[in-house]
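One structure below.
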Amino acid sequence: MAERARRQRLIVGTVVGLAILGYLLWFPQQQAPADVRLWTTAIYFGIAAMGLNLLTGYNGQVSIGHGAFFGIGAYTTAILVNDHGWSLLATIPVAAALAFVVGVAVGIPALRVKGLYLALVTLGLAVVFPDLTKKFVRGVGGTNLVRVPSASLRPPEWMPGGLQPDQWGFYLALTISLALLGGVWLIVRGRFGRALIAVRDHEAAATTVGVDLARTKVLAFALSALYAGVAGALSVQVTGIANAEKIGTFNLSILFLVAVVIGGTATVFGPLIGGFLVVMIQEQTTDFVADPPFLSGFLSGKEVLSPAIFGIMLIVLMYFLPDGIVGGFRRLLRRILTRRQPAEPLGASVAP
Amino acid sequence: MTGAGAPARLTVDEVRVEFGGIVALADLSFTVEERQICALIGPNGAGKTTLFNCVSRLYEPTAGTIRFGDTDLLGEPAHRIAAHGITRTFQNLALFPALTVLENVMLGAHAKREREHARRAQALEVLERLDLAHLASHHAAGLPYGTLKRVELARALAAHPRMLMLDEPAAGLTHSEVDELAELVRTLHTELDMSVLLVEHHMQMVMAISEKIVVLDFGSKIAEGTPTDISGDPRVIEAYLGHPDDREGA
Ligand SMILES: Nc1ncnc2c1ncn2[C@@H]1O[C@H](COP(=O)(O)OP(=O)(O)O)[C@@H](O)[C@H]1O
Ligand SMILES: [Mg+2]
């Protein structure tokens, strides 16, 4: 019974996955560059959310500071490309490694705090990061904004097909996101993934079976930082700049967390979907407010409304899908499958 | 199923634990000989779980030593205790509800350096032995209490321990389940070649399977001996067996 349900799920998953992949491969060929860049943004948001999900969803450590690791990735790439003439592609592993190392450095002292306190400490990270860049980065006109030459956004020479920069960026982000998705999949199904969950659910029991709490937590922190760093590096391909502002870094940190939650915490695909939704909803609400179709006579400082509408949409979403998109989808699938196989005791497998 | 390392003697020497003003363990000394089934009994609050937590390195004694064979356990970090062959269950279930039964048991062998499929095969073998194989892919959350206690036992056995510590394994079980458990512990003890340190209120089970009983009261050892010695000891009867409330946890 369970075997059959699993096979059905696998078939449905494969078909849906291939359809989505096919659509994504076709997408940049047909769409305007601005839309392609928007979707690329959605992909790198998904990457950052995937990493944060390892930390927050699977390991139970809440961070509202991952915008800082994103920034580290973005600055690493922008500075190496602009000041040292690297190809953007080559900077991505460096950005990843640097974010990982800083993740270890932050993760070790973060071991001392938990829950809300950890959230506050990581918040501090997001707040301090823009100041640090202002101090140490020499960008355009002495500011902390680093702009890369537009030529550096073109695909490398060995790349066939005469892709435009936006198309190249899309395929690059897509490829990397699939590799990193595979990474999450392997981690979650393996020994380390079990340790992450064990630490989240019962520290004492995890310790007695031999899980090194400190090592597991720091590694989770560093891995999630690595994902955020890669996302930051990819953002340079889309925007052409690295620029950390106080509000921006904080906002990003919150949005990553929102993406994890609406996609589905502790699910493999959830954060990618959540990242996509966050970017799309944001885009829609900003558009809407920039040109409010029915409120134009009443409001002038319109950007103020964007977060409010965004927030309302999130609340509505969470009301209907408390366990995220993936959780809701699973329940739907289960209902369809159990209707055909009433003997399956699936109701028992709901975690508290 | 075969044991990995040979059992070793556990030596608890002058171990003291204080919480604020409360002395949970007052310079406690006793040994669990290799391959022995030793019971640790005493009224609620006597310090039994505290002793387990010291051996597991979850609590830090203020004084004393705990040795397992030649190893000074108090010099080891908590997560290394399993690698030395000491595993345990908890008085209040401590499973990982979001994971499947199989994954829970595989975590029991987390400390072993081996390939994932070997760990899986071994966990399945333990589940088979405890008649839990059919639940392998079930999530731990939602299973009946008695089953969960078995799953926790399976998790503690997955690493083939040299010493198994059971904290009130019979609590909450029905009478027939307790009899089954007593039999199971006895056979596993020889099958797996391990020592067992048992904390239990269910005196019938304690008397039936223990080779040695250590009686605690207010963190101190008040008696020690074979089941026959203990059941006749007037101090034990007064401190422990005398209170009908404490006689059976269930
Ligand atoms: N973490 C703790 N903090 C404070 N007091 C504790 C803690 N653990 C145990 N105690 C106290 O130590 C004493 C012994 O408790 P415990 O070892 O749980 O007893 P038992 O397992 O024999 O019932 C009790 O007075 C208990 O309240
Ligand atoms: Mg106790």
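The table for this structure:
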item	result
Number of the condition not met by B:Ala98 [criteria: (1) open to solvent by less than 10 Å² (accessible area, probe 1.4 Å); (2) in the same structural domain as B:Ser137 (by TED's automatic domain parsing)]	(1)
A:Thr175 vs. criteria in contact (Cβ under 8 Å) with a residue 60 or more places away in the chain, outside any loop (DSSP other than H, G, I, E, B) and more than 17 Å from A:Ala222 (Cα to Cα)	no
Residues that are within 14 Å of chain B (Cβ to nearest Cβ) and among the small types (Gly, Ala, Ser), drawn from region A:1-59	A:Ala2, A:Ala5, A:Gly57
Condition met for A:Gly162 (at pLDDT below 95 and either within 14 Å of another protein chain (Cβ to nearest Cβ) or more than 23 Å from A:Trp39 (Cβ to Cβ) (or both))	no
Which numbered condition A:Ile72 misses (of (1) open to solvent by less than 10 Å² (accessible area, probe 1.4 Å); (2) in contact with a Gly (Cβ under 7 Å, 6 or more places away or on another chain); (3) over 22 Å from A:Ile325 (Cα atoms))	(1)
Only one of B:Asp179, B:Asp167 that is open to solvent by 50 Å² or more (accessible area, probe 1.4 Å) and closer than 29 Å to B:Val32 by Cα	B:Asp179
Flag if A:Phe192 is closer than 30 Å to A:Leu18 by Cβ and in a helix (DSSP H, G or I)	yes
Positions within region A:77-91 being open to solvent by less than 20 Å² (accessible area, probe 1.4 Å) and farther than 9 Å from A:Gly232 by Cα, in sequence order	A:Ala78, A:Val81, A:Leu88, A:Thr91
Selection count, region B:30-77, where residues are within 14 Å of another protein chain (Cβ to nearest Cβ), more than 10 Å from ligand 2 (Cβ to nearest atom) and either among the aliphatic types (A, V, I, L, M) or part of a helix (DSSP H, G or I) (or both)	4
Enumeration of residues in region B:189-209 that are within 13 Å of the chain's Cα centre (by Cα) and away from ligand 2 (no atom under 16 Å from the Cβ)	B:His189, B:Met194, B:Ser195, B:Val196
Filter result for B:Gly21 (open to solvent by 50 Å² or more (accessible area, probe 1.4 Å) and within 16 Å of ligand 2 (Cβ to nearest atom))	no
Options A:Ala42, A:Ala48; residue that is touching a residue at least 12 places away in the same chain (Cβ under 8 Å) and closer than 15 Å to A:Tyr171 by Cα	A:Ala42
Filter result for the condition that a residue is under 21 Å from A:Gln61 (Cα atoms), surrounded by fewer than 24 Cβ atoms within 10 Å (Cβ to Cβ) and in contact with a helix residue (DSSP H, G or I) (Cβ under 7 Å, 6 or more places away or on another chain), over A:Phe221, A:Phe256, A:Phe250	A:Phe250
Failed criterion for B:Phe68 (all others in (1) closer than 27 Å to B:Thr187 by Cα; (2) surrounded by fewer than 19 Cβ atoms within 10 Å (Cβ to Cβ) hold)	(2)
Boolean, A:Val218 is within 14 Å of chain B (Cβ to nearest Cβ), under 30 Å from B:Leu99 (Cα atoms) and touching a His at 6+ places or on another chain (Cβ under 7 Å)	no
Test result for B:Glu191, surrounded by 18 or more Cβ atoms within 10 Å (Cβ to Cβ) and closer than 27 Å to B:Val12 by Cβ	no
Evaluation of B:Tyr145 against (1) in contact with a Gly (Cβ under 6 Å, 6 or more places away or on another chain); (2) buried (at least 16 other Cβ atoms within 10 Å of the Cβ) (one fails), failing number	(2)
Residue in region B:104-123 that is open to solvent by 40 Å² or more (accessible area, probe 1.4 Å), of a type outside the set (Phe, Trp, Tyr) and at the interface with chain A (Cβ under 7 Å from one of its Cβ atoms) present	yes
Which listed residue is under 17 Å from the mean Cα position of the chain (by Cα), in a helix (DSSP H, G or I) and within 14 Å of chain B (Cβ to nearest Cβ), from A:Ile187, A:Ile254, A:Ile197	A:Ile187
Where A:Ile176 falls short, out of the listed (1) open to solvent by 40 Å² or more (accessible area, probe 1.4 Å); (2) more than 14 Å from every other protein chain (Cβ to nearest Cβ)	(1)
Condition met for A:Gly115 (open to solvent by less than 50 Å² (accessible area, probe 1.4 Å) and modelled with pLDDT under 90)	yes
Selection from region B:25-46 of residues that are within 10 Å of ligand 1 (Cβ to nearest atom) and open to solvent by less than 10 Å² (accessible area, probe 1.4 Å)	B:Leu25, B:Leu40, B:Ile41, B:Gly42, B:Ala46
Filter pass, B:Gln91 being within 22 Å of B:Arg150 (Cα to Cα), open to solvent by 20 Å² or more (accessible area, probe 1.4 Å) and within 16 Å of ligand 2 (Cβ to nearest atom)	yes
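The values are calculated or read from the model by the stated rules, or taken from the named source; none is laboratory data. For clarity, every value in this text was computed on a predicted model and none was experimentally measured. Glycine gets a Cβ as well: all are built from the backbone with ideal geometry, and neighbour counts include every protein chain shown. Quick note on the areas: whole protein, heavy atoms, side chains included, nothing else; ligands and nucleic acids left out. Shrake-Rupley method; radii C 1.70, N 1.55, O 1.52, S 1.80 Å.
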